[in-house]
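Asker: First the structure, which I've put down as structure tokens, then a few questions once you've had a look.
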Amino acid sequence: MAIIKDVIEEVNRGQKGSFISSILKIYMSPGKHALFLLRIAQYLHGKGYKFIPTMIKNRLVRLYGVHISLTAKIDIGVDFRHINGIVIGDGVVIGKNSIIYQQVTLGGQNLGDGIKGNYPMIGDNVTIFAGAKILGNVTIGDGSIIGANSVVIKDVPSNAVVAGVPARVIKVINV
């Protein structure tokens, strides 16, 4: 299965390791384990299966207290540092190598946003700290940092640090 090969490549990310060590890394890290199960569920969902992907998604809720939509697009290298309480809605797109901490919500801002597709788009190399909420049709630029417990309802430029309720740019990172 190509999905297994992709997940193992993602787990090793530039490190050399055997198949067994890759499987152990997936099993020992709750974030990697959840992402592995999610990718299998999304693969099966994309092939038209409904029952098994739903069972896997429900298992993620029971095991880790995480709700991630089967239609969310999560790129390679995303890391859930502390998996519990993460909620990711249907149309969310998360770029490469982003880091997401516990209790983060990425979703719609209003009722009916699922139909309209008003979900966040997270760029590459973004760090979202604990408790942050990113709501509605917003774009988070590459390399940005979202502070803990921030509520983001407007676009964030690349390489910016935002914090507060509602979130404001408090620093621009020179790259």
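Each value in this text was obtained by applying a stated rule to the coordinates, not by laboratory testing. In this text, all values refer to a predicted model and were calculated from it rather than measured experimentally. Glycine gets a Cβ as well: all are built from the backbone with ideal geometry, and neighbour counts include every protein chain shown.
Asker: So how far, in whole Å, is the C-alpha centre of region 74-91 from the one of region 114-141?
Answerer: Between the Cα centre of region 74-91 and that of region 114-141, the gap is 11 Å.
Asker: Peptides 128-137, 82-91: what's the order by average Cβ count within 10 Å, highest mean first?
Answerer: Answer by packing, highest mean first, reads 128-137, 82-91.
Asker: Here's another thing I want to ask about it. Over 21 Å between C-alpha atoms is what I'm after, so list which of Lys116/Lys154; Lys96/Lys133; Lys32/Lys116; Lys73/Lys96; Lys32/Lys96; Lys50/Lys96 land there.
Answerer: Where the Cα-Cα span goes over 21 Å, the pairs concerned are Lys32/Lys116; Lys50/Lys96.
Asker: Kindly write out, for region 160-175 in residue order, the coupling ³J(HN,Hα) from the Karplus curve 6.51 cos²θ - 1.76 cosθ + 1.60 (θ = phi - 60°), rounded to whole Hz, with x marking Gly and Pro.
Answerer: 10, 10, 10, 7, x, 10, x, 5, 10, 6, 10, 6, 10, 8, 7, 9
Asker: Taking H placed 1.01 Å from N in the peptide plane, check which residues at least 5 places from Ala160 or on another chain put their amide H under 5 Å from its amide H.
Answerer: The list, which skips near neighbours in sequence, is Ser144, Ile145, Ile173.
Asker: Another one. Cut-off is 10 Å between beta-carbons; in what order do Arg81, Arg62 appear when sorted fewest neighbours first?
Answerer: Numbers: Arg81 17, Arg62 8.
Lowest count first: Arg62, Arg81.
Asker: Work out, step by step, the length gained on full extension between Lys154 and Ala130: first 0.36 nm times the residue separation, then minus their alpha carbon distance; give nm to one decimal.
Answerer: Length difference between fully extended and current span is 6.8 nm.
Asker: Taking θ as phi - 60°, what are the ³J(HN,Hα) couplings along region 83-90 by the Karplus curve (6.51, -1.76, 1.60), each to the nearest whole Hz, with x for Gly and Pro?
Answerer: 5, 5, x, 6, 10, 10, x, 4
Asker: Skipping prolines and chain starts, which residues have an amide H placed within reach, meaning under 5 Å, of the one on Asp79, given they are 5 or more residues away or on another chain?
Answerer: HN-HN under 5 Å from Asp79: Ser98, Ile99, Ile100.
Asker: If you stretched the chain out fully between Lys171 and Gln109, how much longer would it get, using 0.36 nm times the residue separation minus the C-alpha to C-alpha distance?
Answerer: 19.8 nm
Asker: Fewest Cβ neighbours within 10 Å first, please rank Val152, Val61 accordingly. Let's see the in-between values first.
Answerer: Numbers: Val152 26, Val61 11.
Final ranking by Cβ density, sparse to dense: Val61, Val152.
Asker: Would you grab the residues whose amide H sits under 5 Å from the one on Ile68? Only those 5+ places off in sequence or on another chain, please, with H modelled 1.01 Å from N.
Answerer: Ile88
Asker: Once phi is turned into ³J(HN,Hα) by the Karplus curve 6.51 cos²θ - 1.76 cosθ + 1.60 with θ = phi - 60°, what whole-Hz value does each residue of region 41-56 show in order, with x for glycine and proline?
Answerer: 4, 5, 4, 5, 4, x, 7, x, 6, 10, 5, 5, x, 5, 4, 5
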